[in-house]
Structures are given as structure tokens and as C-alpha cells.
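Read the figures in this text as sums done on the coordinates, not as results from a lab. The structure presented is a predicted model; accordingly, all values stated were derived computationally and were not measured. Positions of Cβ are generated from backbone atoms using ideal geometry, with glycine treated the same way; all protein chains shown enter the neighbour counts.
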Amino acid sequence: MANLNIDSSKVRSYDAIVIGSGIAGGWSAKELCEKGLKTLVLERGRDVQHVKDYPTTNMYPWQFEHRNEIPFDVKQENPVVSRCYAFREDAQHFFVKDTEHPYVQEKPFDWIRGYQVGGKSLLWARQTQRWSDFDFDGPARDGFAVDWPIRYGDLKPWYDHVERFAGISGNKDGLPELPDGEFLPGFPLNIVEKYFKEQVETKYPGRKVISARCAHLSKPNQIHIDQGRVQCQNRLLCQRGCPFGGYFSSNASTLPWAAKTGNLTVRPDSVVHSILYDDEKGKAIGVKVIDRNTKEEIDFYGKLIFVNAAALNSNLILLNSKSKRFPNGLGNDSETLGKYVAFHNYSARISAEYEGLLDYKVDGKNPAGGGYIPRFRNLHKQETDFLRGYAAGFGAYRSSGSDQSGMGEDLKNSLLNPKLGNWGVGSHMMGETIPKESNYVALDETMKDDWGIPQLKISVDYDDNDAKMKKDYLDTMEEMFTAAGFINIKRNESSQAPGLDIHEMGGVRMGLDPKTSMLNKWNQVHSCPNVFVTDGSCMTSTSTQNPSLTYMAFSARAVDYAVNELKKGNI
Amino acid sequence: MNRRTAIKQLFVVAGGVMIATSCDFTSQSTTIALNHIKLKKSDEDFLAELTETLIPKTDTPGAKELNLHLFVMKMLDDCASPEDQKAFLAGLKAAEAVKGKGATDIQAYLKGLPAEDVFFQTLKRRTIQGYLNSEYVMKNKLIYELVPGRYNGAMKVKV
């Protein structure tokens, strides 16, 4: 690097560097910029500007060459991403192709990634529930993983903070296992979802069916209009990028807000190699980047480093950040880095039909997706032979179809005059999996990617606890469906590999004890205090709730702490 | 359908037909360029007849006018497995027995094929898919709304 002089290193110096621009990175950037720090966001993928770079967002079905199907060759070449429900012709440009970014599957793992500015925040399913003390004190109570260093009360003001800005729709349901938030009006259940709610809540005390809570602007407040976002139009084409800013994404919300401060620099095409650690100073001083296109190696410098590359890539970056002080990865004194990875179990669903309420149908679309059944298993006491529990989605729909058996004019008439059928109902499980040392990620010894960075080796699998939980979900839901008078009940077990849930968490877990965890209660690396990790990798356990809202809250909270510490001269 | 719409539709179905068509502009070449399978213009014309048999012109456009045969070709070429492509082409060849005959004969032939016949299944499925997702049907018959902007979970319908 002989061509770099002192001045050029000054140009590459910032107050803070954020690695990653997805849900966590966007929040870190917004909070840092608002607090006056010159902030650099490094994103390994290409730039994606709100609206401008949503090429399919206003396309009609007939305008897609393959009517939204993925061609056979693409599927063959990319078996992993092809298994993701949202990898279709309309959103394929926001997904990483297997062939372009290989990784090592010691055990099958469907790693679904979105490398672009905004990351997977363009693609997420937008379900947003707070975690509760049942989740944060779970490990201490049930004796799995290690104790969380925080409780719900620590995070509550930050949930309030991020919910107000992001815009979360929901109802005040008054459930201790699913704390209420700062909600915009919830999207109502449809008539059959309401019917099921009444059946369940009458026949099964303690079990609830509520409107799903989601990051959509049902009725925007001034703060959302100030972001340039308007009311959700119920299109359900979210995965294409929303020109209305109807759902929360980094692109529509946090990044443009951060940019308005004048403190934000986003550098796309920056594949992070490692975090630079200065052995003499005893702290991290910057980030080494390989330019995605030119393969040029560039160092950026910052006083604070926020690691928000998404769970497994944050693990990879820390593992690859080797120094004399940290030969096995930055902050890895505990030797827990890369271990205790966990995820959500989505491998069972159940469907049925309902012959009642046939004089009603749904008009329009519900972006929340319908109902949500909060965890009820092992909540107040351990009542089964498996640890933890599951939440479930529940939705009812009424589709119309036509007899397609004929030919000629009969067929044509039939197709043009579809008839409403029975209501269909369906549910899927979202089970908590137990973080175990044997579920780990590591750097592969030999395989490297196109940028000379070791490939990630993933070794994660289900266990007996997951199998027992899955059976309980299917048995319990079948019983509840039967009690509600649903017919043609079908249990569906999928053999999908971990990863397809797209809720991978852990590897850089929080904890009270530096001997058994990587991060303290402020998401700060125990042994390298100017590095903070606030994405999915920081999770000590996985709960049954969707995790994204919690990453937002962690990011905002950690920035607040970090900037105060920086001002006090402590880091 | 006016000519401009027809040309636009053709462009959409074929996805780049203007530049992608092979350099061979004799009567042998198909309207759209194919990457994996080989078809002649005469096959294309025959496919148009077959799709028209499934969705005939009435007081509204039929398959031929909507270019559904080109959609069937496109989907077969890009989205079917090599095995299914092979089976389809063999089925198409065999179906030439009814080439040039009337709709009744063609229907009788298709009805006589085994239920699991790849050729017939693909032909029918893709024709129906192309029809239901065509601009004509989605604008005039079963209206597709890009921006509904509403949600009513309990709308009364007549039983």
C-alpha cells in the first residue's frame, strides 16, 4: 500500500463505520448520523436507491417473461436460493445466487442472502413482535444456553423508539408473552380468522389468536410522511421494493433519514475482509475492504465499529479478524465465536377447509398476512418433554377456481367464470431452537471466495427437541382445527434444511460472563470495547418471535450507549 | 385486438424477440428465438392450431390471437426440464396425425391421450396459464389490480 499517504488515510477516516446496510446496519447508521457522527456504511453489494432501483415494482403479471417463474437452468444452478418462497422472477435481482457466493455446507443449510444496499430489509416478511421476559429470562429459567444479560425492561424504551419511526401496525392485545407496542392501527382479521379466534379463545383458555403485527404503514403519522413514505396500498408486492414506502426497509426509511443529516457516506461494492485491530492501542482502528469490482484492498478508519453484516457474515468477519491479541478472531477470548448458532423451526404446516361463512369473501389484500398465535407451550410452567415452544401463523382465504377439465368453448367459459370455493385455512409453525455448541460456523481451511476471503463453513442441524416440538405443533393444531369444525385437515411436514427460515441467529452471543459470551449487555465486544455487534449474531437464544424488530432496538440502544461512552472518553 | 397491442404482446411473450430471433429469416424459423429446443415455423403453426383448439376464438380472442402458442414455446424452452422437453417434442410429433384436421378431431385426439401425458399436460397447463395471465383477460375479463389500496375481510357475497 505504498501509494497511500497520510492525507489519503485522513480521507478514509470517519467517526464510525457500520458494516452492512440491512435492518440493523440502517438503524445503526441513522442513530449515529443523528448524533452527529460522520458515519461510513460499508455494503458488499451494489447500490439500490429507493424507488429508482425497483425495476419490477409496477409490472403487471403479463409483463414478466415467464409469468414470474424461475427458468429451469437458473434453478439447477442455484438450488439453495431457488428453495426460497420469494425467489421469483419479480424479486430475483435482490437475492444472492448460490453460484456467485459459495459457502461450505458441512451439513445442509439453505443460506438465503441479499447483497445490496438495504440487504434483506427489501425482502423480509415484515412480521414484527416484541420479545418478552418469557424470552429474555428463558435460558435462566429453563437451563439452556446462557443467561441473557438484559431483560425486557432494558429494551422496552428502544422498542418504543424504533416502532414509532419504522411504523408498526398492530392491536393492543394485553399479553405478557407478547408486549404491546407503539402501534399504528392493526389490520383486522378476516371473518374466518375471527371465527377461529373465537373458537380457540373459548375452548382453549390461555391460547390467543391475534392480528399479525407488521411493519406496514396502515395509517402513517407525521414522522413517516417526513420520511417520504405514504400509506401501505395493500398490494402485497413488497418483495419488489415498495414505491410508496408502505413497508419498512433501510432504503425507504433509515438510510435516507441518515443521509439528510449530511453525516452519511454509503460505500457499496465493499466486501469487508476484516476488522483492523491495533495491538499497541488495544482497540479496533478500522475495517479492511476488498472492492467488489476492482478487487482493490482499501482500509477505512473509525473510532466506533458497528458489525451489522447479518448473522452469519458477522461471524465470518469477526473470525477473519485475526491479530496478535486475537489469533482466533476478534474478541474471541471465550472461544465461543461462531458457536451456539440457532434458528427457527418452520418445518411444519397444516391446512384445512371450512364450509361455513360461505356468504362472505375477502376483498383486497391484508399485508399483515392474517392472524398470529403467540407461544402458549411451556410458558408459565414446563408442561411437555421438550424445551421452549412455538408461535404460529394462521390465515384464512377464499379463492375462486374453475373446472379446467374441458376443452374449447367449455373450457374458455369455465376459465372466464370462476366460482368461489370453500374457505381455505392454513398455519405454519415458528419454533424456537436451542443454541448448542455443536451448531457452529467456522472459516474453511482451504476454500476462498472471489475476493480471497475464506468461505464460511456451516454445520447446523435440527435435534430431538425440534422433532418433539414439531409433532406437538401438528397434534395441537389438528386438535384446534377439528374443534373449530374445519375439514380435510392436512398435516405437512417439510424436510427443509435449517436456514430456509431466514432467521439464523447467534455465534456472537451476549452474556454476563466474558468467559462464556462475546458481547456484554450493550452489544459491546467484551474485550474490544469500540466494536459493537447488533444484528442476529448477537442473540443468546432465539425466542419464537420474528427477530428483526429486536435487531432494530438493539442497534439504536447500542449506538446511544456507544456515543455516550465515546464522548466520555471511555472508548 | 389492434395491431400495436399485438406487436407489444408478442414482444412481451417473446422477451426480446426483435434481436434474439435467429439470423435465418426464411419461412423455417420460429417467431421467437429458442435456446434449448428446436422447432420449425411449421411446428409453431401447428402449436397455434392446438392451443386454438383449447381456447378458441368466440366473441372474444382465442389462443392464436393472444399468441399463447408462443408462450407455450417460451415456457417449454426455458422452464421445462430436458426430459419434459424431449417428451413434449415427441408428443408434438405424434400429434401430427391430426395436423390440418378440424377442432373436433384434434380434441378427440387430445382426449385420447393418457392422463399423465407430458405433451398434453404441458400444452394445456401453459395455454391456460398464458390465457389467464394475458393482458387481454387481465384487463377485460378477470381484472387484475396493481394497486387495490383496500382490505375488507368480510365482504358479503350472493351465494
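Just need the relative contact order of chain A here, percent rounded to a whole number, with Cα pairs under 8 Å and 6+ apart. Worked out over chain A, it gives 21 percent.
Taking 17 Å as the straight-line reach from the Cα of A:Lys419, the lysines in range (excluding those fewer than 8 positions away in the same chain) are A:Lys361, B:Lys141, B:Lys156, B:Lys158. Among residues other than A:Gly26 with Cβ under 12 Å from its Cβ, the summed charge is -1 (Lys and Arg +1, Asp and Glu -1).
Given a cut-off of 27 Å, name the pairs among A:Lys30/A:Lys295; A:Lys97/A:Lys457; A:Lys281/A:Lys515; A:Lys197/A:Lys490; B:Lys99/B:Lys124; A:Lys97/B:Lys41 whose C-alpha atoms lie farther apart than that in the structure shown. Pairs exceeding 27 Å: A:Lys30/A:Lys295; A:Lys97/B:Lys41.
Using the beta-carbon distance between A:Lys203 and A:Glu493 and R0 = 25 Å, what value does 1/(1 + (r/R0)^6) give for FRET efficiency, to the nearest 0.05? The pair A:Lys203/A:Glu493 has a calculated efficiency of 0.50.
In loop segments of segment A:32-112 as defined by DSSP, the chymotrypsin sites (Phe, Trp or Tyr not before Pro) with at most 13 further C-beta atoms inside 10 Å of their C-beta are A:Tyr85. Summary value for segment A:24-144: 25 percent relative contact order, contacts being C-alpha pairs under 8 angstrom separated by 6+ residues. Placing unit charges on the Cβ atoms only, positive for Lys and Arg and negative for Asp and Glu, gives segment A:61-205 a dipole magnitude near 200 debye about its Cα centre. Stokes-Einstein diffusion of the protein assembly as shown at 25 °C, 0.890 mPa s viscosity, Kirkwood radius from Cα pairs, rounded to a whole number: 88 µm²/s.
Using only Cα atoms, what is the ratio of the radius of gyration of segment B:41-141 to 2.2 N^0.38 Å?
1.02
Arranged from fewest to most other beta-carbon atoms within 10 Å of their beta carbon, B:Lys74, A:Lys448 become A:Lys448, B:Lys74. For the pair A:Asp410 and B:Lys93, label points projected 7 Å from Cα toward Cβ lie 3.2 nm apart. Quick one: Debye curve from the C-alpha atoms of segment A:433-478, no solvent, what's log10 I(q)/I(0) at q = 0.13 Å⁻¹? Log10 I(q)/I(0), no solvent term: -0.49. Using the alpha-carbon atoms, what tilt in degrees (0 to 90, nearest 10) does helix A:23-34 show relative to the longest principal axis of chain A? Roughly 50 degrees between the two axes.
Under the combined filter of DSSP loop state and at most 15 neighbouring Cβ atoms within 10 Å, segment A:495-559 retains none of its chymotrypsin sites (Phe, Trp or Tyr not before Pro). With R₀ fixed at 56 Å, the C-beta to C-beta distance from A:Ser399 to A:Thr265 puts the FRET efficiency at about 0.70. Among A:Leu37, B:Leu66, the ranking by other beta carbons within 10 Å of each residue's beta carbon, starting with the fewest, stands as A:Leu37, B:Leu66. Choose one of B:Ser42, B:Tyr136, B:Leu89: the residue whose Cα lies farthest towards the positive end of the charge dipole of segment B:41-141 (beta-carbon charges +1 Lys, Arg; -1 Asp, Glu; about the Cα centre). Farthest towards the positive pole: B:Tyr136. DSSP loop GluC sites (Glu not before Pro) in segment A:262-316 with at most 11 other Cβ atoms within 10 Å of their Cβ, which ones? Passing sites in segment A:262-316 are A:Glu280, A:Glu296.
By the equivalent-ellipsoid construction on the alpha carbon gyration tensor, segment A:171-280 comes out with semi-axes of 38, 21, 14 Å, ordered largest to smallest. The slack between A:Ala140 and A:Ser323, meaning 0.36 nm per residue of separation minus the straight C-alpha distance, is 62.5 nm. For A:Lys324, the aspartates and glutamates whose Cα falls under 16 Å of its own Cα, not counting residues fewer than eight places away in the same chain, are A:Asp278, A:Asp279, A:Glu280, A:Asp333, A:Glu335.
Remark: spin-label model distance A:Glu445-A:Asp47 equals 4.3 nm, labels positioned 7 Å along the Cα→Cβ axis.
List A:Lys38, A:Lys567, B:Lys57 from most exposed to least, where exposure is judged by having the fewest other Cβ atoms within 10 Å.
A:Lys567, B:Lys57, A:Lys38
Please check which bits of segment A:322-355 a label hung off A:Glu437 would reach, taking the label as a point 7 Å along Cα-to-C-beta and the cut-off as backbone N under 11 Å. In segment A:322-355, the label zone of A:Glu437 (backbone N under 11 Å from the point 7 Å along Cα→Cβ) covers A:335-336, A:340. Across segment B:41-141, Cα pairs under 8 Å and at least six residues apart give a relative contact order of 33 percent. For the pair A:Asp560 and A:Asp359, label points projected 7 Å from Cα toward Cβ lie 5.3 nm apart. Taking Lys and Arg as +1 and Asp and Glu as -1, the other residues whose beta-carbon sits under 15 Å from that of A:Glu106 total -2. Find which of A:Ser314, A:Asn378, A:Pro243 sits farthest along the positive direction of the dipole of chain A, computed with +1 on the beta-carbon of Lys and Arg, -1 on that of Asp and Glu, about the Cα centre. Checked the options; the winner is A:Pro243.
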